[in-house]
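Working notes, structure below.
Each value in this text was obtained by applying a stated rule to the coordinates, not by laboratory testing. What you see is a predicted model; the values in this text were computed from it and never measured. All Cβ positions, even for glycine, are placed from backbone atoms using ideal geometry, and neighbour counts span all protein chains on display.
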Amino acid sequence: MPLFQLTIFPTDKQGPSGSDALAPVIARIAASGLPYQLNAMATLIEGEWDEVITLVGACREILRRSHDRVYLILTVDDRQGAVDRIHGKVRSIHEKLANEGPNE
């Protein structure tokens, strides 16, 4: 199942923080029911291609309602047969780090 990384924000009418503009976008992602993970620079979303692309379009439309310019970066890791990658990729690194012991 593909794993998407979405970075989206308006480039106009914005003060020092974009959280006011982005809160409705994140609410829409949460309402989709798809697994997602918000971080400081982007949002990870796991789901089927058409479903996530439709969601990205809806997120863009939310920002375009009140902003003339929207910046969007979409990165996709499309690995056939993989599931729960939103957690599994991070878990795999943590397991490897635990097996290596302290960094000397």
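All conditions but one from (1) assigned to a helix (DSSP H, G or I); (2) closer than 16 Å to Thr7 by Cα apply to Val90; the one that does not is (2). Counting residues in segment 51-58 that are assigned to a loop (DSSP other than H, G, I, E, B) and in contact (Cβ under 8 Å) with a residue 24 or more places away in the chain gives zero.
Restricting segment 29-50 to residues that are exposed (fewer than 14 other Cβ atoms within 10 Å of the Cβ) and over 13 Å from Gln5 (Cα atoms) leaves a set whose member that is nearest to the chain's Cα centre (by Cα) is Ala30. If you go through segment 59-80 and pick out every residue that is in contact (Cβ under 8 Å) with a residue 24 or more places away in the chain, closer than 11 Å to Met1 by Cα and assigned to a loop (DSSP other than H, G, I, E, B), you end up with 2. Just to be sure, is Thr75 within 11 Å of the chain's Cα centre (by Cα) and at negative phi? So Thr75 fits the description; yes. Within the option set Thr11, Thr75, being among the hydroxyl-bearing types (Ser, Thr, Tyr), more than 18 Å from Lys89 (Cβ to Cβ) and touching a strand residue (DSSP E or B) at 6+ places or on another chain (Cβ under 8 Å) holds for one residue only, Thr11.
Return a yes/no flag: does segment 3-10 have any residue that is touching a Gly at 6+ places or on another chain (Cβ under 8 Å) and under 20 Å from His87 (Cα atoms). Within segment 3-10, one or more residues are touching a Gly at 6+ places or on another chain (Cβ under 8 Å) and under 20 Å from His87 (Cα atoms).
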